[in-house]
Amino acid sequence: MSDLQGPTSVVAGAATDDPPTAATAAADAPSAAATGGRTLLPRSTLLRHLLLVVVGAVAAVVLLEVTDPFTNSQLATLSYYAIAAGGLTVLTGMNGQISLGHGALMAVGAYTTALFLSADEPLPLPVVLLASTVVAIAVGALVGVAAARLHGPYLAGATLALAVGLPGLAIYFNDWLGGDQGLRVRAPRAPEWFEAFIDAVSGNPATNTKWLAYVGAICLLVTWFVLANLVRSRIGRTWRAVRDQEVAAELAGIHLGAWRVLAFVVSAAAAGLAGGVLALVVRLAAPSGFTLVLSLSLLTAIVIGGLGSLLGALLGSALLVFLPPFVTDLGSGWGLDSTEAAQLAPFVYGVVLVLAMIFAPAGLVGTLRMRWLAHRATRAARSTPG
Amino acid sequence: MQYFVNVTLTGLTEGMVYAAFALALVLIWRSTRIVNFAQGSMAAATTFIALALIQDGQSYWVALVVALVSGFVLGAVVERVVIRPVEGGPELNAVIVALGLFVAIQAAIAIVFGSSFQSFPTPFGLEGFQVGDDRIALTPTSLYVIGSVLLVMALLVVLFRFTRVGLAMRAAAFGQEVARLLGVKVGRMLTLGWALAAVVGSLAGLLIAGGEFVYPAYMDSLIVFGFVAAILGGLDSPVGAVVGGLLLGLALSYVSGYVERGSALVNVAALVILMVVLLVRPGGIFASSTARRA
């Protein structure tokens, strides 16, 4: 597997910065602080990420308060795509395992949330979302144990079978999971402190839509804080070792299977939480919401952004949310009817996946990062001759 | 007893289609080491071309021939234009390209032909034969399905065993460098392999559509079943793919026939079978215990 992935040298003399595969360059470039470059960010990874979370939280509040309610609900959609794509980019980019089954894992989270919220006295929302995450972790561990022994097309096929097969369970247990119609979700009302907070910040009406958009944003920030720290820690480095050099990693005492299962579990947890947020935002958990196209859209998001890059996953998720209305309008302009125009978005996803893999396998963020590294290496080579 | 016979016959008929589809996957895997996840969408595209011709008043057989020819062209174009750049690269890239094609073609079908359910005709009856006092689940259509799959398999055997082109294709799949040194046009052989596989896949798509409803995503389960059948047989062996397809067809038919509301569980059953095979015998049911996959 890894012998096909010869190192792609960017520029001679920058050997330590060479990504082992072009496709995952986005994941492998060291952070500015790690390379000792000039930076204003704190040197400690934890502090740096905490600072970014605070910046992200402020940005989220500003964004949600200056935009209209429709954009608010679009941003809520963006948050669950980004949570799931973040988990998937860690799995595929960092650990080299592909999964087409993340739509099914999101379904697990969504149904768990729907079931917990349908109780007469529903548990508090954070507990419900945590429960969705835990159930998805359990399912993810089960799949992960099987997936750890597979690679490439075998893994893709197995997770494809998961994505196609799992929604069948919802139809089989139709008394409990609502069959084809699915389960309606009773989204909890916004608490009083939230209304007070919104009133103090902007004076906008604190609608339920806005509350759910904030729930999504909070979940997104928490998930990404955890993922970003994992990626920059010993765990992240071990995942990359497992991905790039199986034999060397095993010689270094790394248990390949256990680390692959861990990667799958982490990414399943993100998918489960994303499913929970999806259930709240869409207010419905039904098999038709978790088709193969959902799993493949997530894959598109991480491939466009650059495998292994969280920032890339955010950009890719933004594309998943804001591209469909745009191309659907375009299609209506060309005289397509609404159902045909709705298919333009998946068509674009597919074409983009193909083009990205042929022309820019490193994705948006990865390509830019490689350019930047190459540029810096040439400059360094010029300033210190010999 | 009669019920058992009927379930078995249904399983065998569907198994033949899975076998054909698995065979298409295996043909491509042997030549380029790529699992063509776009196979289902490609077959759906040619089925819709056939449907458009039939709705236009052409006969089923004209439509069949046109669909198979367009499958051939589609397979060749896909290999030459989209797959060639990622051949021999990291295996993940090829998988992602195939998946991109899968989505793009499926969406393109919905845009061109609409996404509603449409019934697809079959040239033969759908009523079971009379045996004694009972009607069994063997229909003229299922005989047609079994017969045409067997015919295609025989033609493939003849091609690979007894013709120069078949020999060159086997050589190209066996060792690209050596074959090229001996004057085989390897690139052309790979294109031909994809084109032939697309023809077999298209046939499977047309056969499973006969007497049923088609819509752009109707091949989604079949791509999973074909993959499971191919894995059952070891992904590398055409004979294995056929046996795997028949076994899978039987297993799924028993699940759907004997488990209460089992038809909802067919996809789950395929998933379970796949997982068990991959965990217990990842090289397929025919793999010898010594030949372990790296």
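Throughout, read-outs are computed from the coordinates displayed, never taken from laboratory work. Predicted model only: the values in this text are computed from it and were never measured. Neighbour counts are summed over all protein chains in view; Cβ atoms, including those assigned to glycine, are modelled from backbone coordinates with ideal geometry.
Database remark: amide H of residue A:100 closer than 5 angstrom to the amide H of A:159, A:160 (H placed geometrically; neighbours at sequence offset of 5 or more, or on other chains; Pro and chain starts carry no H). Relative to the longest principal axis of the Cα atoms of chain B, the long axis of helix B:220-232 lies at roughly 70 degrees. With r as the distance between the Cβ atoms of residue B:81 and residue A:149 and R0 = 41 Å, compute the FRET efficiency 1/(1 + (r/R0)^6) and round to 0.05. That pair, residue A:149 with residue B:81, gives E of 0.75.
Modelled spin-label separation between residue A:355 and residue B:181, with each label point placed 7 Å from Cα along the Cα-to-Cβ direction: 4.2 nm. Given springs between every Cα pair under 10 Å in a Gaussian network model of chain A, which of A:111, A:81, A:154 has the largest fluctuation? In the Gaussian network model the winner is A:154.
Placing a label point 7 Å from the Cα of residue B:272 along the Cα-to-Cβ direction, the residues of the stretch B:193-231 with a backbone N closer than 20 Å are B:221-222, B:224-231. With neighbours defined as other Cβ atoms within 10 Å of a residue's Cβ, the residues B:68, A:212 order from fewest to most as B:68, A:212.
The charge dipole of the stretch A:291-386, taken about the Cα centre with unit charges on the Cβ atoms of Lys, Arg (+1) and Asp, Glu (-1), comes to about 860 debye, rounded to the nearest 20.
So what's the projected area for chain A, the Cα convex hull averaged over all directions, in nm²?
On the way: hull surface 87.1 nm².
Mean orientational projected area (chain A, Cα hull): 21.8 nm².
Full extension of the chain between residue B:143 and residue B:260 yields a length gain of 39.3 nm, computed as 0.36 nm times the residue separation minus the alpha carbon distance. The residue list B:176, B:213, B:200 was ranked by how far each Cα lies along the charge dipole of the stretch B:98-221 toward its positive end, using unit charges on Cβ atoms, and B:176 comes out on top. Among A:275, A:216, A:165, whose mean-square fluctuation peaks in a Gaussian network model of chain A (Cα, cutoff 10 Å)? With Cα springs under 10 Å in chain A, the top fluctuation among A:275, A:216, A:165 is at A:165.
For the pair residue B:127 and residue B:5 in one chain, pulling the backbone fully straight at 0.36 nm per residue adds 42.3 nm over the alpha carbon distance. Each Lys and Arg contributes +1 and each Asp and Glu -1, all at the Cβ; summed about the Cα centre of the stretch A:43-289, the dipole is approximately 780 debye.
Computed about its Cα centre, the charge dipole of the protein assembly as shown is approximately 2360 debye, with only Lys, Arg, Asp and Glu carrying charge at their Cβ.
Computed from label points 7 Å out along Cα-Cβ, the spacing between residue A:332 and residue A:176 is 4.2 nm. In terms of other Cβ atoms within 10 Å, B:4, B:120 run from fewest to most in the order B:4, B:120. When you filter the trypsin sites (Lys or Arg not before Pro) in the stretch A:139-188 for DSSP loop state and at most 14 other Cβ atoms inside 10 Å of their Cβ, you are left with A:186.
Computing FRET efficiency as 1/(1 + (r/R0)^6) for residue B:134 and residue A:138, where r is the C-beta to C-beta distance and R0 is 35 Å, gives about 0.15. Kirkwood radius for the stretch A:87-242, taken over all pairs of different Cα atoms as the inverse mean of 1/r, rounds to 17.9 Å.
Loop-resident chymotrypsin sites (Phe, Trp or Tyr not before Pro) (DSSP state other than H, G, I, E or B) in the stretch A:294-386 with no more than 13 further Cβ atoms inside 10 Å of their Cβ: A:334.
Set the Förster distance to 35 Å, then compute FRET efficiency between residue A:376 and residue A:288 from the Cβ-Cβ distance, nearest 0.05.
On the way: r = 49 Å, r/R0 = 1.39.
Efficiency for this residue pair is about 0.10.
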